[in-house]
Amino acid sequence: MEGGGLRLNPHLHLLDDDFLYHIGYSRSDVEPLFRGVKFVVMGGSSGRMEKFAKLAGEKLGEEVEDKTKTDRFVVYRIGAVIAISHGMGVPSITICLHEVIKALHYAGSGDAIVIRIGTSGGLKVDAGTVVVSNKAINAFLREEHEVVVRGEVQRRPAKLDQKLAHDILKCQDDKSFCTMLGGTLCTDDFYEGQCRMDGAFCKFDSEEKQAYLQKLCDAGVVNIEMESTAIASLCYEAGVKCAIVCVTLVERLKGDQVKIAPETYTQFQNRPQNLVIKFIESQLNTCT
């Protein structure tokens, strides 16, 4: 959809102003910040997004402007790109997305593409594999995001743009590691929800764990994280194209603990960032 033509809350026009509390901007302030934005790149931690912003600035030849106003989420503007942290898990990314989507709407940038970059656990793939999600599913193996509204559970579609996923994949020119399309499982927590046996609590045995992980594999899941159905659902609801690009840090069928050297972690974390920047470059070059 072009400009601000998003499918949003019909009550927004009744507000005299709209203060986006968690990113710290009023409607009048956020309009110039998001005007002309073509890409919003989101990641969990503030440090990751600071590094992404600097790397994007170098690769795209753009100034990096720190537009952070709160201690909740960091915000950077790099040319036609917004880089923003979203915290950890569905509740945090949902809050962030509500405000980002409204910001895009107010700025007339509803045609922007939203991309989440992050880390994940892998299934039958080596650590360091980059997964471009072609579906996001919940713990019930459905492409849905559940929201409780007025005490009632609403199940909303969690759909990803397939062409966008393929276009991102095609930009990968680094063949030193695997980059692939695959299904992504979204869970409510890092430990029990992801069938880990190293949390403070565990009420299943190793055989039950392996059987569940195999069930995920059979359903086309290749990685596990904690935000995918939320971003897929909210963006789909609004009419915003979105993608998810994550690197795997551990092969979950072989273990639960993430045990990699700091330099290896940095190398792995850079892989989704580099791929997404290549995609953004390709899109900006097409537009010029």
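The values are calculated or read from the model by the stated rules, or taken from the named source; none is laboratory data. Predicted model only: the values in this text are computed from it and were never measured. Glycine gets a Cβ as well: all are built from the backbone with ideal geometry, and neighbour counts include every protein chain shown. Ligands, DNA and RNA are excluded from the accessible area calculation, which covers all protein heavy atoms including side chains. Shrake-Rupley method; radii C 1.70, N 1.55, O 1.52, S 1.80 Å.
Given a Förster distance of 41 angstrom, what is the FRET efficiency for I260 paired with V147, based on the Cβ-Cβ distance and rounded to 0.05?
0.75
Can you list residues from other chains, or at least 5 along the same chain, whose modelled amide H is less than 5 Å from the amide H of I113?
F39, V40
Report Rg(Cα)/(2.2 N^0.38 Å) for region 190-288, keeping two decimals.
1.37
Can you tell me the FRET efficiency between F204 and K124 if r is taken as the Cβ-Cβ distance and R0 is 22 Å, rounded to the nearest 0.05?
Here the calculated transfer efficiency is 0.60.
For region 202-288, what is the accessible area per residue in Å², given a 1.4 Å probe and the full set of protein chains?
Normalised by residue count, the accessible surface of region 202-288 is 45 Å².
Apply the Debye scattering formula to region 1-105, with a single equal point scatterer on each alpha-carbon and no solvent, then give log10 I(q)/I(0) at q = 0.21, 0.24 Å⁻¹.
Taken in order of the listed q values, log10 I(q)/I(0) reads -1.15, -1.41.
Cα centroids of region 242-266 and region 3-45: how far apart, whole angstrom?
Centre-to-centre distance over Cα atoms comes out at 32 Å.
Just the number, please: percent antiparallel of the DSSP beta bridges in the chain, rounded to the nearest 5.
Values: 20 of 48 bridges.
Antiparallel: roughly 40 percent of the beta bridges in the chain.
Each label point is 7 Å from the Cα along the Cα-to-Cβ direction; what then is the distance between the points at M180 and D17, in nm?
5.2
Given a cut-off of 29 Å, name the pairs among K51/K209; K67/K259; K102/K259; K51/K259; K215/K259; K38/K135 whose C-alpha atoms lie farther apart than that in the structure shown.
From K51/K209; K67/K259; K102/K259; K51/K259; K215/K259; K38/K135, over 29 Å: K51/K209; K67/K259; K102/K259.
Taking H as built 1.01 Å from N, whose amide H comes closer than 5 Å to the amide H of I244, not counting residues under 5 places away?
R116, S133
Go through N138, T94, V222 and say which Cα lies farthest out towards the positive end of the charge dipole of the chain; charges sit on Cβ, +1 for Lys and Arg, -1 for Asp and Glu.
V222
Roll a 1.4 Å probe over the protein chains and send me the accessible area per residue for region 14-88 in Å². Each step should come with its number before you reach the end.
Values: 3630 Å² over 75 residues.
Solvent-accessible surface per residue comes out at 48 Å².
What figure, in Å² to the nearest 10, do you get for the accessible area of F268 with a 1.4 Å probe and non-protein molecules left out?
20
Which stretch or stretches of region 221-265 have amide N atoms under 18 Å from the point lying 7 Å from E192's Cα along the Cα→Cβ direction?
Only 226 fall inside the zone, counting backbone N under 18 Å.
Roughly how many whole Å is it from the C-alpha centroid of region 188-235 to that of region 115-173?
Spelled out, the Cα-based centre of one part sits 13 Å from the other.
When the accessible area of the chain is split by element with a 1.4 Å probe, what percent falls to carbon and sulfur?
The value for the chain is 50 percent carbon and sulfur by accessible area.
Just to check I understand the Karplus step: with θ = phi - 60° and J = 6.51 cos²θ - 1.76 cosθ + 1.60, what whole-Hz values come out for region 209-220, glycine and proline as x?
Result, ordered by residue: 4, 4, 5, 5, 4, 5, 4, 5, 4, 5, 8, x Hz.
Would you mind estimating how fast region 8-57 diffuses translationally, via Stokes-Einstein at 20 °C and 1.002 mPa s with the Kirkwood radius over Cα pairs, in µm²/s?
So the translational diffusion coefficient is about 162 µm²/s.
With θ taken as phi - 60° and the coefficients 6.51, -1.76 and 1.60, list the Karplus ³J(HN,Hα) couplings across region 162-174 in order, rounded to whole Hz; mark glycine and proline as x.
In residue order, the calculated couplings are 5, 5, 4, 4, 5, 5, 5, 4, 5, 7, 6, 10, 8 Hz.
Given the options T184, T68, T129, which has the most mean-square fluctuation in a GNM of the chain, springs set between C-alpha atoms less than 10 angstrom apart?
Among T184, T68, T129, the largest GNM mean-square fluctuation belongs to T68.
Viscosity 0.692 mPa s, temperature 37 °C: Stokes-Einstein D of the chain from its Kirkwood Cα radius, in µm² per second?
170
Go through 154-164, 173-183 and give me the packing order, highest mean Cβ count within 10 Å leading.
For the peptides 154-164, 173-183, the packing ranking is 154-164, 173-183.
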